[in-house]
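Take a look at the structure below.
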Amino acid sequence: MSDISQALAASKLATFEYGQNHFIGNGVAHTAGGHAYDVDTGERIEEGMTIDGGNLSDAQRAFIENECAKLDGFKGRHIELESLEDVEIVPRKWLLPSFLPVGYVTIYAGYGGTGKTLFALWQCAQLTTGLSDGDWRDEPVDVIYIGREDGPAALKAHAVAAGIDLKHFHVLRTYDDATGHDVEQSFRLPDDLDVLEDAVRDSGAKLIIIDPPESCIEGKLNDMRTARRALDPLAEFATRLDVCVLLIGHMSTSGRLTGSEGFRDIVRSKVDFARDEDAGDVVATLEKSQYTGNEGKSWAFKIATAEVRNKFGAIQLEPRVDPPTWQPTERKAVDLINAKLWRGRRDGTRSKTAEVADWLVELLANGPMLAADVLKAGAEHGFTNKDVQNAQRRARDPRILSTPDPNHTGRGRAMLWSLENHGTEQKE
């Protein structure tokens, strides 16, 4: 890299190598996911490209020299100060107003079977056909779907039933050829964001759906640090590429979003879904919306079926959102969720301790945790220390064991909590 500035200064041809996410030139090219792109045309440029220094302006040459110096001089993490005076205020854009802000992360949360994915596919139908009422009205929007809950055939059946223009709907599949053969694997956050960036640039997609995010994150989802390590880069990704990222999240048996409160903290829009068994429909409440005045508003819709022809020519019925039933409602998803939990407590099928115990089992499924960290995670979910400690003591199937931490040093005693089936002996 050290001879690039000299070559540019002499207006000679300069060949360079590049690394991931390094900006090489202002208006010339930059790398993403191991590839270089022409900023103006969007065309990919292969490694070893040449830059004719004579074709660069003084400002471009100075920019490239500065970037090269930074790549040579900085090692690892470093800090830079950015003056807000140099930041432009850009207008806010929406794929679908109130629901899908561009440049940010949104999450749809609810119990299984509440129609979260069907609702998202219905929105994809509006977007891919140019029928949305957002900033891309009359312009088809490409979508990238990342998910492993439904196979491609089932997903296509749901997409056809929803009315999606399939040529604008792309399923991302991740492979690893380290063994010499392509092996399909789960998409990983944040490790695979560079290859996702390639896919976004190649397709021009404006919406990325991750269904569910739990399948893409390694570690304990209830740990704030784990959540932030995965989601902070994802939020930066959405802002930098000017796309909307939609997470389809699940709720635990306690009626809370599965995972740390870091999930709720990082998103700028959150919609809760709950089924109203009495009315026979689903209520969607805009539980968090930082950029609209619609926070707290709700809508209701029903699930209908559509006829889809399979590869043998036979007709099969597939679920879909019934658009004519979409309308505002005064009901709130949280009230329906709480009512379900209260009915369970009242008829003796559920107790607060049982709910916390279920949460504890989910939290400890990946291995032991320090008791102090468990209590902290419980506080993030609205559980008191007493709630969590009572649930730990009373849990029976499986038992939640408490043992001294063998790695603890210093004063006092640190305890590890683990599930009985992890083989830890109970500390009396």
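A few remarks follow.
- Among the listed pairs Lys220/Lys270; Lys156/Lys220; Lys93/Lys340, those beyond 25 Å (Cα-Cα): Lys156/Lys220; Lys93/Lys340
- For peptides 106-117, 88-99, sequence by mean Cβ density within 10 Å, most packed first: 106-117, 88-99
- Rough spin-label spacing in nm, given labels placed 7 Å along Cα→Cβ, for Thr239 and Glu307: 5.0
- Estimated vicinal HN-Hα couplings, Hz - region 293-304 in sequence order (Karplus 6.51, -1.76, 1.60; Gly, Pro = x): x, 9, 4, x, 7, 10, 9, 10, 8, 10, 9, 10
Here, each number is a calculation from the coordinates, and none is a lab measurement. Predicted model, so just to flag it, every value in this text is computed and none were measured. Backbone-built Cβ (ideal geometry, glycine too); neighbour counts: all protein chains shown.
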